[in-house]
Structure formats: C-alpha cells, structure tokens
Amino acid sequence: MASGWMHTARFLTTAPQLHHLPPLDIPEIAFVGRSNAGKSTCINTLTQQKQLAYASKKPGRTQNINLFALGKQGVTDAVLADLPGYGYAAVPKADKVRWQQVMANYLVTRENLTGIVMMCDPRHGLTELDEILLDIIRPRVVEGLKFLILLTKADKLNREESTKALSIARLQAGGGEVKLFSALKKQGIDEASMLLWQWAHPEGAAAPAVKPAEPDLEEPENLDEA
C-alpha cells in the first residue's frame, strides 16, 4: 500500500537557507501551512511516526526546511520537505520576512519540486498569507506542479460544514485537489498517501509492497494544533 511507502520516511537533512539544501534529482513534495494548521501532526500521522516532524509548543519557532527520505532501505525514491510554518504573531517581524523569502525562493526555484501539500484549518479557511503562497506557486501549477489542500481537523466539522468547506476550498485551489483530513479520526490518510505516491511515481506503477514501520501506540501530540 502507498501508506506503507509513507511509513518508510526517515530524517535526511535540515537547512536554514536554500543553498544548504542538497541538489536532488528525485521527486520532492513540500508541506506548507500556517503555524497552527496542524502541519507537523499531519506529517507524523501520514508517516506513522510520532516525532518525525517537530511540533513545537510555540508555533512558528521551527525555522528550517527539514527533508525526509522515502523508500525501501538503501533506496530513496522521493523526499518530503517540511517548510517553516508561517503567520504566527509571536514571531519577530524580521524572522517572518526571512522565512517568507526562503520559502518563496524554494517554491519558485527548487528544480525537483513535484508537488505541494498545503494544510488549512477549515474553520478559518484560507488566510491572506495562504493566498499569497498560492499566487507564488500558481505559475508552476500551470506548468504541471501538483497541488493539494488538506483541510485538517476535519473531525471538528459536521457534515454540512465539511461540505461547505470543501466547496469553498475547491474554488480557491486553482486546479489543485482538496481533501478532508483528521489525525484524530484517521480520516483522509489513505487517500492522501495514495495521491503522494502517484505524484512521486507518475509512470503509474503499482504501489510498493513495503513493510511499514512499527506503529506508535500513542496518538500524535497535536502540539501545533491550536
């Protein structure tokens, strides 16, 4: 299953600036979102590893781009990139500007970038900063860059609210896909995993028979989910 492939994720490297990232020629999928949108929890849930992505008790404090390798032991066939969360009020303005510049440069220039997953709390919808990010990546999406909006914390919505949130996000996605996601209720995990597998393996090969990592017995700590 594609979810088994996601469970092979392991830390590769961290970079405070774009030029510190290693040049790669394998597909790279970036995770972006506001500091309290549940990005770290989403990555940890998809990879079934409780502490792979750092969920800070003080959102906005994670400043680096962190890369995680995917693939069977000894083989890396794709990379996940965890980008700094943005928009948290407690972070000094100078740091915000620097992070935004780093992210913008990454999203525009990273040659092996294959897809982007944006986390959004559907109770608040896409914010002005989310819209700015969409404007940055839109030219690359037109050229074929894959794009997915995950509406996190979907367990907090009833059926009517979920339908409305999906409809609004699809109008804003600009050709990208939109899916509901809940780490608590395990909603949308298989769908998202399969989509990311397809992004990284566009030839349409069947999902690999990868033995998943041993699951954590505890739920991921939703420290970045305010």
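Worth a mention:
- Odd one out for residue 160 among (1) in a helix (DSSP H, G or I); (2) at pLDDT below 95: (2)
- Residue check for residue 137: in contact with a helix residue (DSSP H, G or I) (Cβ under 9 Å, 6 or more places away or on another chain), buried (at least 19 other Cβ atoms within 10 Å of the Cβ) and assigned to a strand (DSSP E or B): no
- The stretch 38-50, subset assigned to a loop (DSSP other than H, G, I, E, B) and in contact with a Ser or Thr (Cβ under 9 Å, 6 or more places away or on another chain), residue nearest to residue 72 (Cα to Cα): 48
- Unique match (being among the acidic types (Asp, Glu), within 18 Å of residue 30 (Cβ to Cβ) and under 14 Å from the mean Cα position of the chain (by Cα)) among 131, 177, 143: 177
- Given (1) in contact with a Leu (Cβ under 7 Å, 6 or more places away or on another chain); (2) of a type outside the set (Ser, Thr, Tyr); (3) without any contact (Cβ under 8 Å) to a residue 24 or more places away in the chain, index of the condition residue 179 fails: (3)
- Long-range neighbours under 6 Å by Cβ, at least six apart or interchain, first residue more than 15 Å from residue 14 (Cβ to Cβ) and free of Cβ contacts under 8 Å to residues at least 60 places away in the same chain within the stretch 26-54, second of a type in the set (D, E, K, R) and assigned to a strand (DSSP E or B): none
- Number of residues in the stretch 166-183 that are outside any helix (DSSP H, G or I) and closer than 14 Å to residue 121 by Cα equals 6.
- Unmet requirement for residue 150, which otherwise passes all of (1) part of a helix (DSSP H, G or I); (2) closer than 23 Å to residue 108 by Cα; (3) of a type outside the set (Val, Ile, Thr); (4) modelled with pLDDT of 95 or more: (1)
The values are calculated or read from the model by the stated rules, or taken from the named source; none is laboratory data. Just so you know, these numbers come straight off a predicted model, no measurement behind them. Every residue, glycine among them, receives a Cβ derived from its backbone with ideal geometry; neighbour counts consider all protein chains shown.
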